[in-house]
Amino acid sequence: MKTYAELLEQYRDKFTLDNRINPQVGVTESSVSRAREMLSAARRSRVEEARVAELFTTSDIGFSVAHLSSAIAIPQLEEELKSLDGLAGQRTVKDLNPVVLRGVIGSAGFEGAGVDQYGAAAVIPEGTPFPIVEARSTEEAHFSSIVKRGVQFNVTVEALINDLLGELDRIPEEFQQIVFDSKYADILGALLQADQYLEAVTLPDGTTTLPNAPLSAQGLIAAAVALENREINGRKIGRVGTVNVVVPMGAARFLEYDLAQFGRVIAVQDGALTLSPDREIQALLPSLNIIESDRVTGTEWFMYPRPGTTRRPVLERLNLRGFESPEIRFRSDSGQILGGNVAGFRAGSFDADVSSLRLRFFGGAVLWDSVWVVRSKGTGTA
């Protein structure tokens, strides 16, 4: 994992993280620098720690701490979210309306005299006009959702006195984890909308599998065969080179063992018996990316093309344009005056020694077509 300093190197403007953070009124580079210095001093001195604990709920330092928390959390979050790229692609949308896959890539392509049934362009005889084609209508998602999420975290002066550094240090980490878990939940929520279950399939050796085949090497081959024979806009999907296989927690090890044993043949050499994999049989399997998920339970499992391996997108997480990064904001009775000016620690209300930090972010996910996902109950029954 990269250090915070290393992550900051990717930004030209380290105060706003290249406009990923919108500072609250009164927050400046100098005030954030001062807050950082005070927190650093609090780690070395009990006196300074008590001073920060008092000022956090009675002055404007909380606004700078909130900005500092964002500056710490966002780079680490963006690095951590890269781990989801193998699970789903990404798409930025302009608003909160249901998303649609626009353009030729989202439709059945062009139609008209200029293309044949396979989508190939017409041959143009010399001196003749080019035939006109039209893009077919766009296609709405089977499942789409982009929503606003958030939480509020209240900080009391008692909590700060008892555990100042623990309270403030955990804010970026906790908020970062909430955002990551929400993004992950969006993706799996979209995947779980898939409703095309694995049917009985005839394998290349002539045997027929049971519907909803159990998780096994043979079940994966059946799913691969089923997937390549499904149709989108009248065309078979065809062979997919790399797929994601999403399985329950703890199931990956057993599947990997079954894959290692599958198709082994006995070889005899100088009186010694050895087992070696049958490469021809194992070649029937696509390249596998096995993912364990606590959202998949029991005997269920899923197979779908890995992001980036198909022309049409399959599963994507959604970002809202202009709100790509989470926002951490601060509120304190003593920290801000109506009209936008920042109050000093002797000004403002003192009804309660409570300050609040609020996390807000937007996100969602979309499964563009359930045809892409082979879902199996793993029961061997319809």
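A few comments on the model shown:
- When Phe262, Phe254, Phe15 are sorted by how many other C-beta atoms sit within 10 angstrom of their C-beta, beginning with the fewest, the order is Phe254, Phe15, Phe262.
- Charge sum, other residues only, whose C-beta stays under 10 Å from Lys236's C-beta, Lys/Arg counted +1 and Asp/Glu -1: +1
- Between Arg306 and Thr242, Val243, Asn244, the built amide H atoms are under 5 Å apart, and every one of these is 5 or more places off in sequence or on another chain.
- Filter on Lys82/Lys148; Lys94/Lys148; Lys148/Lys183 - keep pairs with C-alpha separation over 18 Å: Lys82/Lys148
- Residues Met249, Met38, Met303 in ascending order of nearby Cβ atoms (within 10 Å, fewest first): Met249, Met38, Met303.
- Amide H contacts of Ser293 (H built 1.01 Å from N, under 5 Å, at least 5 apart or other chain): Val247, Met249
- Whole-Hz ³J(HN,Hα) from phi, Karplus 6.51 cos²θ - 1.76 cosθ + 1.60, for the stretch 200-205, glycine and proline x: 5, 10, 8, 7, x, 7
- Whole-Hz Karplus values for the stretch 365-377 come out as 8, 9, 9, 5, 7, 5, 4, 5, 10, 9, 10, 10, 6 Hz, taken residue by residue from phi with 6.51 cos²θ - 1.76 cosθ + 1.60 and θ = phi - 60°; glycine and proline positions read x.
- Calculated FRET value between Thr92 and Val25, using beta carbons and R₀ = 35 Å, to 0.05: 0.80
- Karplus-derived 3J(HN,Hα) values for the stretch 319-331, using 6.51 cos²θ - 1.76 cosθ + 1.60 with θ = phi - 60°, are 10, 9, 4, x, 10, 5, 9, x, 10, 10, 10, 10, 9 Hz; glycine and proline are entered as x.
- In nm, spacing of pseudo-spin labels at Thr309 and Asp18 (7 Å Cα→C-beta vector): 3.0
- One decimal place: the segment Glu324-Ala113 gains 71.7 nm when fully extended, by the rule 0.36 nm per residue minus the C-alpha distance.
- Amide H contacts of Gly380: Ala213, each under 5 Å away and 5 or more positions distant or on a separate chain (H built 1.01 Å from N in the peptide plane; Pro and chain starts excluded).
- Counting charges near Val374 (Lys, Arg +1; Asp, Glu -1) among other residues having Cβ under 13 Å from its Cβ returns a value of -2.
Just so you know, all these numbers are worked out from the coordinates, no wet-lab data involved. What you see is a predicted model, and the numbers here were worked out from it, not measured in a lab. In this analysis, Cβ positions are derived from the backbone assuming ideal geometry, glycine residues included, and neighbour counts consider all displayed protein chains.
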